[in-house]
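Here it is: the structure, laid out below.
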Number of protein chains: 4
Amino acid sequence: MRKLKMAMIGGGVGAFIGKIHREAVRMDGGVEVVAGMFNRDPSQNAEIAERIGVTPDRTHPTWQALVAGEAARADRADFIAVCTPNHLHYPIAKASLEAGFHVMCEKPMTLTVAEAEELEALVKKTKLTFGLMHTYTGYPMVKLARDMVKAGDLGKIRKVVVQYPQGWLFKLTGKENMQASWRTDPKRSGRAGCMGDIGTHAANLAEFVTGLRITEVLADLTIFVRGRKLDDDGNVLFHMEKGAKGVLTASQIAPGEENDLHIWVYGEKKALAWYQENPNYLRVFDQEAPEQVWKRGNAYVGTKSASAVRCTRTPSGHPEAFLEAFANNYRNFCDTIRARQAKRKPTALELDFPGVLDGVRGMKFINAVCDSSEQGNVWKKV
Amino acid sequence: MRKLKMAMIGGGVGAFIGKIHREAVRMDGGVEVVAGMFNRDPSQNAEIAERIGVTPDRTHPTWQALVAGEAARADRADFIAVCTPNHLHYPIAKASLEAGFHVMCEKPMTLTVAEAEELEALVKKTKLTFGLMHTYTGYPMVKLARDMVKAGDLGKIRKVVVQYPQGWLFKLTGKENMQASWRTDPKRSGRAGCMGDIGTHAANLAEFVTGLRITEVLADLTIFVRGRKLDDDGNVLFHMEKGAKGVLTASQIAPGEENDLHIWVYGEKKALAWYQENPNYLRVFDQEAPEQVWKRGNAYVGTKSASAVRCTRTPSGHPEAFLEAFANNYRNFCDTIRARQAKRKPTALELDFPGVLDGVRGMKFINAVCDSSEQGNVWKKV
Amino acid sequence: MRKLKMAMIGGGVGAFIGKIHREAVRMDGGVEVVAGMFNRDPSQNAEIAERIGVTPDRTHPTWQALVAGEAARADRADFIAVCTPNHLHYPIAKASLEAGFHVMCEKPMTLTVAEAEELEALVKKTKLTFGLMHTYTGYPMVKLARDMVKAGDLGKIRKVVVQYPQGWLFKLTGKENMQASWRTDPKRSGRAGCMGDIGTHAANLAEFVTGLRITEVLADLTIFVRGRKLDDDGNVLFHMEKGAKGVLTASQIAPGEENDLHIWVYGEKKALAWYQENPNYLRVFDQEAPEQVWKRGNAYVGTKSASAVRCTRTPSGHPEAFLEAFANNYRNFCDTIRARQAKRKPTALELDFPGVLDGVRGMKFINAVCDSSEQGNVWKKV
Amino acid sequence: MRKLKMAMIGGGVGAFIGKIHREAVRMDGGVEVVAGMFNRDPSQNAEIAERIGVTPDRTHPTWQALVAGEAARADRADFIAVCTPNHLHYPIAKASLEAGFHVMCEKPMTLTVAEAEELEALVKKTKLTFGLMHTYTGYPMVKLARDMVKAGDLGKIRKVVVQYPQGWLFKLTGKENMQASWRTDPKRSGRAGCMGDIGTHAANLAEFVTGLRITEVLADLTIFVRGRKLDDDGNVLFHMEKGAKGVLTASQIAPGEENDLHIWVYGEKKALAWYQENPNYLRVFDQEAPEQVWKRGNAYVGTKSASAVRCTRTPSGHPEAFLEAFANNYRNFCDTIRARQAKRKPTALELDFPGVLDGVRGMKFINAVCDSSEQGNVWKKV
């Protein structure tokens, strides 16, 4: 297996998600970080570079320099990982694609739908591989859930309930909290706060598991913490294709909630439920039979989902969690790049990672919920 | 303790809730059923009467006969329990009050807001005791939750999420299913199906725990099962007093869900969660400290809620459940009657049972959610 | 249905289990308490009598007076409930049987095996109905568990693990705590403390679910709290018929544990687990298929256990708990009495309550674990 | 941070734990696998080498060749990871230490106590760093548990209950199952089956959390599956230092159980419980206050356990699991090597990984439980 060379933008000192990207790509041993622009601050930039073994000549002061510098090398990076605050996703992703790099991008993909569609067109045109880090769809039991729905086990989907409460923004936090600071700043975070940061994950999960698109939303977004500029809470009614309906609630002002993403999907025949904080189990409900608890790593999972099996590293009862889900997205993204580099058509299993279309969907979701809420809680097409 | 004499309307062969009423009132030994109109069918009517020891002279063929018959006796019943399908609640409750009986009524209290307000006025005028069987607020840990909120432990309430999924109506059921039959018939059930049957419980619980009224709702009700005449599912955004917001989702087409009423309440300081299917525990969340699990029957519960202690029959770890919650409502209702019969002002603890005001709130909620949904998902005042 | 007349010994002011007996028998409406000797203290004795409607002429100062008094009446009680501290179970049960009363007795049945066997012989001779209040086998899901094992669903049983931790005796409690006081006094509690009080429940549950007898035990009992005279904790290895093995651990010095009786049963094919504190669910494990969660009140339960169905009062999702389990034992006990009074052979479903044989088993278990522990942790036949 | 060079013995095609070792060491990016002897089969050996980037000149046909080959190089490996079946742990570890390599060894460390003590002496003499992969003590919440006990939060420890059920050996498996084959072969697995494989983990966890040694055991081991040569189930009573007592039960014939390691520790003041299959939570019990659920990744964890914080990679609610626990052991092991290479005394936090003393304890435990069981279930000193 050829090691892919990764260049990283973001993920500096104090960053949360960039460090996760590095830990996740390392897990399978198929990627090495060869270049980076981690921090604006030169000494912090150098500190991270040294810590992870990126040489000074490939440690760049700006993302523009990184893209240009890597583009000019014979041993250039295979892909660029974009782990910056939201407002930089679009320009970096665009420049990276234009320079011929595959891209793994944090979400939300852009600040506007127009930008998202521009990236979609660019990916189509360049035929480059584009990954969007919707971590939660990388969990094996989420893949199993999707494959059960796809196989018709639940029957036609009628209703979806998805909750995503967090508590970490329950008070106004100052500049000292790097995470909170940019995520609640419209210029860097985009039009939505809570809805952009985690509401999009919830919506993406609902679409992923059901295989149905959210067609319209009616949202009631709130800024509960005085002095904040973006929504820190939201409740959303939604309609999906084929008559399914649902409700999505997300919050970052829910004290004591950690990252409690839950989804319940109700079909005409059966239902299922999955909880992110205890992710190795998928509950399957039947009105006329005992509830079943499907557990990651068991042979019977393979009868329903080759994709779940492919994303399983440890035996049953040896739990996997967030980093492994993250790594699963990277693994499929990288195998797709390898296949294309080898002039081979990637398999469906390899292509099973979130990408530019999810990014467009996400931006449309953000736009629609913001429009809906601003215009007095009316239905808006997604 | 004087035994109160209860007359019962409804609760015949095959009935669900009437049997529960009988088991619940028996638990504390303070009530005896002395009269009844259980079934329209004479032989079934007699069968129940004999089974529970009601004499033939107090077993009536119609509810009108029961009210008149009991009113005429010197040893007349103290109160009448109304356990019929919804459409009969109002006329029976009204006639009972007018005949001077205290009333324990099933919910929803009436079919219209006007009827509900009429009963409210009648209760005010007659000074009789009126109980409405919102079972779930009878659970000790729900009382504890309310008392924590009231004491300010959670700070100002920001958000409420309440779910109430059931699965038993996931398919069209025929006449054979007595429960389903009247509950899905607009003439007997009223304007709402799922929202009237269980949505009102969810709304009542939200108001009870927070001490805040739902001021307006925006509802998306659905009939998922073809051939059904009333909503079998609904998603509702709501606003409460003092700026709290929330989302309520209820369903009777959620396969495998039993009676899974959940509530999460998020305040400025803390949060709490309670689950009806495992009701002896109250989870309390704090962003800066470990979650606490408060458990029924422990001495520390008494430091927060005298009402919870009063409603506790068994020691900690010897779980209590639905019938006990039901019996708690009856106990307080009966003690209030006894206090008034003894010309004593009932205490706050005795008065802690749902009543006619809850019934008015429930009808306003039903009306508002139906209006909202019919008029295109717009905000409606409750 | 004829109401049975119950005379009660014990259950006075401050008593725990006697009050539970009264609440439980009331639930089904088939029993009335007509006589009692509740407290030694005359005023307390009268207080309880008045509270529950027992007339002064049937309120007795001693249990001997009660037995004699009731025996002399034409309208004598049908059965006597023995809810006293342990040391009185035997003399009262004996006298009651000899006077021709059916008996419902608290556990442990006696203080010695010889006494237990004497009662066994007496029951056999008198053909009277004898119930022993092993509450936990009255839970519907415990009956389902037993019936699954009996049907061979688990295959041959290999291993049983049963835990029963409580915390209420974690410190030395003074006379002020009535419950603790007699339960830790060898003269009133018998040879064993924790093992007699709750270890017997755990052993009874293991035998009930598996249908196998514990043949020998090896016990390590401890008095952890200085100043206490009886074991407050114990760990027991045991062997059962047909080669099954197990481990039983019980404690009353486990801080924060309430009444956390758990059982796991492992067969050659499948396994099951049940938890008393959330008793409406039975987990069924299969090495090659998803775990199943069987839930009380669902139609599918009836395919496995008529006994569980018979013991179900409320629909699925409307949880039942401790009092209902207690009432189930009373219901079957009473229906057995009624059948015999009607000269009808009781059905297997009616006979499904713990009785004198369980009491003999319990005493043999206590004896064996005490012998084993005193003799240096050696195997002792039960 | 200097990358450490790792040579690996074992971990070939189809191996379970060797693959885990590789994934775990990769996570922190501080280790590279430079040499290996993965499989006896030359083509499989080469396959793994190529897959993970080990060059042919450092891919050895025997472990002896690897030790010799690496010892002869200037750029020799820093440490050797021993991931073979049990019988090879001792000779390889010994040869590695003698050749001057640090060692990370799978457990059980040896086949006999004498061998274990020989390694202990060798480690002492060589001053090399020796890690033993008791994964479960690498979990942050296990470290928190230990630190709570150490701080005296629970008071003096009275009782420990530890369960470790698995189901994967519930039937006789043939040669086709590589894992089962050597683990149930006395020549390769050692004197104990289930007790060596997982009983040692349970015992290690009990000693780790309480800080107390198991002083004596009384064991009842069983071979339930006909044709098997080693115990596949065992129940053990044990005594610890300072008067604590406990019970340990482990099984590999418990159908449907995955890897369900549970521990409950009861002190004079408080208690705690931890479950491996949902490892991000630590439950803390108090007889007089609500249960607390301590959750990984929260700031309050740091008030109790610097070691737990050091072992935390992701924010609260983004669960960590088995691989991260594994990686934690490697991280501390490697940082200890780095400190010593830098002539710096490792800190207590760096030294917080299981080592040769745990290995000696494990062998003594295995020996004692086997002796006890063989000699008729008598107490044996550990």
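The values are calculated or read from the model by the stated rules, or taken from the named source; none is laboratory data. It should be emphasised that the depicted structure is a prediction, and the values quoted were computed from it without experimental measurement. For neighbour counting, all protein chains shown are included, and Cβ atoms are generated from backbone atoms with ideal geometry for every residue, glycine included. Each accessible area value is taken on the protein alone, full model and side chains, heavy atoms only, with ligands, DNA and RNA left out. Shrake-Rupley method; radii C 1.70, N 1.55, O 1.52, S 1.80 Å.
Can you give me the number of residues within the range D:1-33 that are small (Gly, Ala, Ser) and closer than 27 Å to A:Glu50 by Cβ?
Number of matching residues: 4.
Test C:Arg226 against the criterion of being more than 30 Å from B:Pro279 (Cβ to Cβ) and without any contact (Cβ under 8 Å) to a residue 60 or more places away in the chain, and give yes or no.
yes
Within the range A:100-118, is there a residue that is among the polar types (S, T, N, Q) and over 18 Å from A:Thr336 (Cα atoms)?
Step one: list which residues in the range A:100-118 are among the polar types (S, T, N, Q), which gives A:110, A:112.
Subsequent filtering for residues that are over 18 Å from A:Thr336 (Cα atoms) retains A:110, A:112.
Within the range A:100-118 (the criterion being among the polar types (S, T, N, Q) and over 18 Å from A:Thr336 (Cα atoms)), the answer is yes, since at least one residue qualifies.
For the range D:80-185, which strands (runs of 3 or more DSSP E) that fit wholly inside it have 3 or more residues that are away from chain C (no Cβ under 14 Å) and touching a residue at least 24 places away in the same chain (Cβ under 8 Å)?
In the range D:80-185, D:102-105, D:130-132 are the strands (runs of 3 or more DSSP E) which contain 3 or more residues that are away from chain C (no Cβ under 14 Å) and touching a residue at least 24 places away in the same chain (Cβ under 8 Å).
Every residue, every condition in (1) of a type in the set (A, V, I, L, M); (2) modelled with pLDDT of 95 or more, yes or no:
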| site | (1), (2) |
| --- | --- |
| A:Ala68 | yes, yes |
| A:Phe79 | no, yes |
| A:Pro85 | no, no |
| A:Phe101 | no, yes |
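Conditions first: (1) modelled with pLDDT under 95; (2) touching a strand residue (DSSP E or B) at 6+ places or on another chain (Cβ under 9 Å); (3) within 11 Å of another protein chain (Cβ to nearest Cβ). B:Glu216 passes all but one, so which condition is the exception?
(1)
Within the range B:206-230, can you find the residues that are over 22 Å from the mean Cα position of the chain (by Cα) and of a type in the set (A, V, I, L, M)?
Within the range B:206-230, B:Leu218, B:Ile223, B:Val225 meet the criteria.
Going through the range D:279-288 one residue at a time, which ones are open to solvent by 30 Å² or more (accessible area, probe 1.4 Å) and facing chain C (nearest Cβ under 8 Å)? Give the steps one after another, and end with the answer.
First pass over the range D:279-288, keeping only residues open to solvent by 30 Å² or more (accessible area, probe 1.4 Å): D:281, D:283, D:286-288.
Within the range D:279-288, D:Asp286, D:Gln287 qualify.
Next up: Would you say B:Ser373 is farther than 19 Å from B:Thr200 by Cβ and either open to solvent by 50 Å² or more (accessible area, probe 1.4 Å) or modelled with pLDDT of 95 or more (or both)?
On the way: farther than 19 Å from B:Thr200 by Cβ: no; either open to solvent by 50 Å² or more (accessible area, probe 1.4 Å) or modelled with pLDDT of 95 or more (or both): yes.
No.
If you check every pair at least six apart or on different chains, which have Cβ atoms under 8 Å apart with a residue in the range B:360-382 that is in a strand (DSSP E or B) first and a residue that is of a type in the set (A, V, I, L, M, F, W, C) second?
Matching pairs, first to second residue: B:Lys380/B:Val217; B:Lys380/B:Leu218; B:Lys380/B:Ala219; B:Lys380/B:Ala368; B:Lys380/B:Val369; B:Lys381/B:Ala368.
Moving to a separate point now. Specify which of the listed residues (A:Pro85, A:Pro140) is open to solvent by less than 10 Å² (accessible area, probe 1.4 Å) and of a type outside the set (Val, Ile, Thr).
Among A:Pro85, A:Pro140, only A:Pro140 is open to solvent by less than 10 Å² (accessible area, probe 1.4 Å) and of a type outside the set (Val, Ile, Thr).
Would it be correct to say that B:Gly234 is more than 12 Å from chain A (Cβ to nearest Cβ), open to solvent by less than 30 Å² (accessible area, probe 1.4 Å) and within 18 Å of B:Val369 (Cβ to Cβ)?
Considered against the rule, which asks whether it is more than 12 Å from chain A (Cβ to nearest Cβ), open to solvent by less than 30 Å² (accessible area, probe 1.4 Å) and within 18 Å of B:Val369 (Cβ to Cβ), B:Gly234 comes out as no.
Can you go through D:Lys124, D:Lys94, D:Lys159 and tell me which one is charged (D, E, K, R) and open to solvent by less than 20 Å² (accessible area, probe 1.4 Å)? Quick ask: steps written out before the conclusion?
Working: D:Lys124 fails: open to solvent by less than 20 Å² (accessible area, probe 1.4 Å); D:Lys94 fails: open to solvent by less than 20 Å² (accessible area, probe 1.4 Å).
Answer to the check: D:Lys159.
If you don't mind, there's one more thing I want to ask. If you go through the range D:191-213 one residue at a time, do you hit one that is basic (Lys, Arg) and away from every other protein chain (no Cβ under 13 Å)? Let's see the steps before the verdict.
In the first step, residues of the range D:191-213 are kept if they are basic (Lys, Arg); the result is D:191, D:213.
Remaining after also requiring away from every other protein chain (no Cβ under 13 Å): D:191, D:213.
Within the range D:191-213 (the criterion being basic (Lys, Arg) and away from every other protein chain (no Cβ under 13 Å)), the answer is yes, since at least one residue qualifies.
Let me ask something else about it. Just the residues that are among the polar types (S, T, N, Q) and over 11 Å from the mean Cα position of the chain (by Cα), please, taken from the range C:181-204.
Within the range C:181-204, C:Ser181, C:Thr184, C:Ser189 meet the criteria.
Can you pull out the residues in the range D:268-278 that are open to solvent by 10 Å² or more (accessible area, probe 1.4 Å) and under 22 Å from A:Glu320 (Cβ atoms)?
Filtering the range D:268-278 for residues open to solvent by 10 Å² or more (accessible area, probe 1.4 Å) gives D:268-270, D:275, D:277-278.
Answer for the range D:268-278, where residues must be open to solvent by 10 Å² or more (accessible area, probe 1.4 Å) and under 22 Å from A:Glu320 (Cβ atoms): D:Tyr275, D:Glu277, D:Asn278.
Any idea how many residues of the range C:297-329 are more than 9 Å from every other protein chain (Cβ to nearest Cβ) and either surrounded by fewer than 23 Cβ atoms within 10 Å (Cβ to Cβ) or assigned to a loop (DSSP other than H, G, I, E, B) (or both)?
10
Looking for something part of a strand (DSSP E or B) and of a type in the set (Ser, Thr, Tyr) - is there at least one such residue anywhere in the range A:53-73? Give the steps one after another, and end with the answer.
In the first step, residues of the range A:53-73 are kept if they are part of a strand (DSSP E or B); the result is A:59.
From the residues that got through so far, the ones that are of a type in the set (Ser, Thr, Tyr) too are A:59.
Looking through the range A:53-73, at least one residue is part of a strand (DSSP E or B) and of a type in the set (Ser, Thr, Tyr).
Checking B:Arg76 against (1) open to solvent by 40 Å² or more (accessible area, probe 1.4 Å); (2) assigned to a helix (DSSP H, G or I); (3) in contact with a helix residue (DSSP H, G or I) (Cβ under 6 Å, 6 or more places away or on another chain), only one condition comes out false. Which one?
Looking at each condition in turn, B:Arg76 falls short on (2).
Let me ask something additional. Within 14 Å of chain D (Cβ to nearest Cβ), crowded, with 23+ Cβ neighbours inside 10 Å, basic (Lys, Arg) and in a helix (DSSP H, G or I): does that describe A:Arg338?
no
Further question: Since B:Arg191 meets every condition but one in (1) modelled with pLDDT of 95 or more; (2) in a loop (DSSP other than H, G, I, E, B); (3) over 29 Å from B:Asn332 (Cα atoms), which condition does it not meet?
Among (1) modelled with pLDDT of 95 or more; (2) in a loop (DSSP other than H, G, I, E, B); (3) over 29 Å from B:Asn332 (Cα atoms), B:Arg191 violates only (1).
Okay, next question. Suppose we keep only residues that are of a type in the set (A, V, I, L, M, F, W, C) and open to solvent by less than 20 Å² (accessible area, probe 1.4 Å) within the range D:1-11. Which one would you say is nearest to D:Ala339 (Cα to Cα)?
D:Leu4
Give the residue, chosen from B:Gly18, B:Gly29, B:Gly14, B:Gly53, that is surrounded by fewer than 18 Cβ atoms within 10 Å (Cβ to Cβ) and under 25 Å from the mean Cα position of the chain (by Cα).
Answer to the check: B:Gly14.
Could you please find all residues in the range B:257-267 being open to solvent by 10 Å² or more (accessible area, probe 1.4 Å) and more than 7 Å from every other protein chain (Cβ to nearest Cβ)?
Answer for the range B:257-267, where residues must be open to solvent by 10 Å² or more (accessible area, probe 1.4 Å) and more than 7 Å from every other protein chain (Cβ to nearest Cβ): B:His262, B:Trp264.
Do we find that C:Met37 is within 14 Å of chain B (Cβ to nearest Cβ), crowded, with 18+ Cβ neighbours inside 10 Å and farther than 25 Å from C:Phe365 by Cβ in this structure?
So C:Met37 fails the test.
Specify the residue that is nearest to D:Ala327 (Cα to Cα); the eligible residues are those in the range D:1-35 that are outside any loop (DSSP other than H, G, I, E, B) and β-branched (Val, Ile, Thr). Talk me through it step by step, then tell me what you get.
In the first step, residues of the range D:1-35 are kept if they are outside any loop (DSSP other than H, G, I, E, B); the result is D:4-10, D:17-27, D:31-35.
The next check asks that each one be β-branched (Val, Ile, Thr); those that pass are D:9, D:17, D:20, D:25, D:31, D:33-34.
Details: D:Ile9: 18, D:Ile17: 13, D:Ile20: 9, D:Val25: 6, D:Val31: 11, D:Val33: 15, D:Val34: 18 Å.
Ranking the qualifying residues of the range D:1-35, first place goes to D:Val25.
Restricting attention to the range D:270-291, report how many residues are part of a strand (DSSP E or B) and closer than 21 Å to D:Ala206 by Cα.
12
Specify which of the listed residues (B:Gly30, B:Gly11) is more than 28 Å from B:Ser189 (Cβ to Cβ), within 14 Å of another protein chain (Cβ to nearest Cβ) and not aliphatic (A, V, I, L, M). Show your work before the answer.
On the way: B:Gly11 fails: more than 28 Å from B:Ser189 (Cβ to Cβ).
None of the others qualify; the one that does is B:Gly30.
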